[in-house]
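Let me begin by presenting the structure, written as structure tokens, before commenting on it.
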């Protein structure tokens, strides 16, 4: 089945530094990649949607200059948290929509990244 | 007001029990998804439904579009089923979801 590889799974960084999270679709082409954030005991919150080769669309309240999303190819999307602060500590997870929706469930999730900013 | 409501929020069951998790939604949808989130955070897509019923192993998902309601059933529950189960609805225009807050299931041996 379709697999999205996300890494790192865990990262601890110092306040003020930047962290890059990668999501790769391993056996399909991801035309659209979604990035979510999840705080403890809360539901998934969509941060942004990116389509290959175009700028990401950010949800209201998400700072696009802080959360840089790049979707340069059909198999790779990256989320960079710039100048991270402790309040950015969260669980970040990506989801990819396959080019051919009928081949699988349509949306495949990465395994998530636990970011801790100290 | 949440567009997607799940119940119960927490559920503890004995191994072997039949489990039902419910999801109600208030918006028009193109599909409903059931997701499983493991303690480490990783998410697995279990079902995508637009009508009727689907079965995969011990898992059964049903949806009633008219009543805007879906259920996820687990037969012969096992401790490895312990996870958070999330209901998500996909809006008709696509690429947009509303998520429930999840049901935390613990199956005791």
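Under the condition of being buried (at least 20 other Cβ atoms within 10 Å of the Cβ) and free of Cβ contacts under 8 Å to residues at least 40 places away in the same chain, which residue from region B:58-89 is farthest from the other protein chains (Cβ to nearest Cβ)?
B:63
Based on what the data block shows, is residue A:5 touching a strand residue (DSSP E or B) at 6+ places or on another chain (Cβ under 6 Å), assigned to a strand (DSSP E or B), within 11 Å of chain B (Cβ to nearest Cβ) and modelled with pLDDT of 85 or more? Steps first, please.
Values: touching a strand residue (DSSP E or B) at 6+ places or on another chain (Cβ under 6 Å): yes; assigned to a strand (DSSP E or B): yes; within 11 Å of chain B (Cβ to nearest Cβ): no; modelled with pLDDT of 85 or more: yes.
Considered against the rule, which asks whether it is touching a strand residue (DSSP E or B) at 6+ places or on another chain (Cβ under 6 Å), assigned to a strand (DSSP E or B), within 11 Å of chain B (Cβ to nearest Cβ) and modelled with pLDDT of 85 or more, residue A:5 comes out as no.
Is it the case, given these coordinates, that residue A:112 is exposed (fewer than 14 other Cβ atoms within 10 Å of the Cβ) and either on the phi > 0 side of the Ramachandran plot or out of contact with any strand residue (DSSP E or B) (no Cβ under 9 Å at 6 or more places or on another chain) (or both)?
no
Suppose we filter region A:83-109 for residues that are more than 8 Å from every other protein chain (Cβ to nearest Cβ), at pLDDT below 90 and closer than 20 Å to residue A:37 by Cα; how many remain?
The total comes to 1.
In contact (Cβ under 8 Å) with a residue 12 or more places away in the chain and in contact with a helix residue (DSSP H, G or I) (Cβ under 7 Å, 6 or more places away or on another chain) - does that describe any residue in region B:35-50? Can you show your working first?
Within region B:35-50, the subset in contact (Cβ under 8 Å) with a residue 12 or more places away in the chain is B:35-39, B:43, B:45-50.
From what is left, the residues that are in contact with a helix residue (DSSP H, G or I) (Cβ under 7 Å, 6 or more places away or on another chain) are none.
No, because not a single residue in region B:35-50 is in contact (Cβ under 8 Å) with a residue 12 or more places away in the chain and in contact with a helix residue (DSSP H, G or I) (Cβ under 7 Å, 6 or more places away or on another chain).
Residue B:48 versus (1) more than 10 Å from every other protein chain (Cβ to nearest Cβ); (2) over 20 Å from residue A:45 (Cβ atoms); (3) at pLDDT below 95: which is the lone unmet condition?
Residue B:48 satisfies all of (1) more than 10 Å from every other protein chain (Cβ to nearest Cβ); (2) over 20 Å from residue A:45 (Cβ atoms); (3) at pLDDT below 95 except (1).
Any residue in region B:21-31 that is at pLDDT below 95, assigned to a strand (DSSP E or B), surrounded by 12 or more Cβ atoms within 10 Å (Cβ to Cβ) and under 15 Å from the mean Cα position of the chain (by Cα)?
yes
Anything in region B:90-109 that is under 27 Å from residue B:18 (Cα atoms) and away from chain A (no Cβ under 12 Å)? List them, or say none.
If the condition is that a residue be under 27 Å from residue B:18 (Cα atoms) and away from chain A (no Cβ under 12 Å), then B:105, B:106, B:107, B:108, B:109 are the ones that fit.
Just one of A:20, A:64, A:41 is within 15 Å of the chain's Cα centre (by Cα) and not in a strand (DSSP E or B); which is it?
So the residue among A:20, A:64, A:41 that is within 15 Å of the chain's Cα centre (by Cα) and not in a strand (DSSP E or B) is A:64.
If residue A:57 satisfies all but one of (1) more than 14 Å from chain B (Cβ to nearest Cβ); (2) without any contact (Cβ under 8 Å) to a residue 12 or more places away in the chain, what's the number of the condition it fails?
Among (1) more than 14 Å from chain B (Cβ to nearest Cβ); (2) without any contact (Cβ under 8 Å) to a residue 12 or more places away in the chain, the lone unmet condition for residue A:57 is (1).
Considering only residues that are part of a loop (DSSP other than H, G, I, E, B) and either loosely packed, with under 15 Cβ neighbours inside 10 Å or modelled with pLDDT of 85 or more (or both), which ones fall in region A:44-61? Full working, then the answer.
Initial filter on region A:44-61 (part of a loop (DSSP other than H, G, I, E, B)): A:44, A:52-56, A:59-61.
A:44, A:53, A:54, A:55, A:56, A:59, A:60, A:61 - these are the residues of region A:44-61 that are part of a loop (DSSP other than H, G, I, E, B) and either loosely packed, with under 15 Cβ neighbours inside 10 Å or modelled with pLDDT of 85 or more (or both).
Residue A:64 is checked against (1) more than 18 Å from residue A:118 (Cα to Cα); (2) at pLDDT 90 or above; (3) within 13 Å of chain B (Cβ to nearest Cβ) and fails just one. What number does that condition carry?
Against the list (1) more than 18 Å from residue A:118 (Cα to Cα); (2) at pLDDT 90 or above; (3) within 13 Å of chain B (Cβ to nearest Cβ), residue A:64 comes up short only on (3).
The values are calculated or read from the model by the stated rules, or taken from the named source; none is laboratory data. Here the structure is a predicted model, which is why all the values come from computation and not from measurement. When we count neighbours, we look across all protein chains shown, and the Cβ atoms used for this are built from the backbone with ideal geometry, even at glycine.
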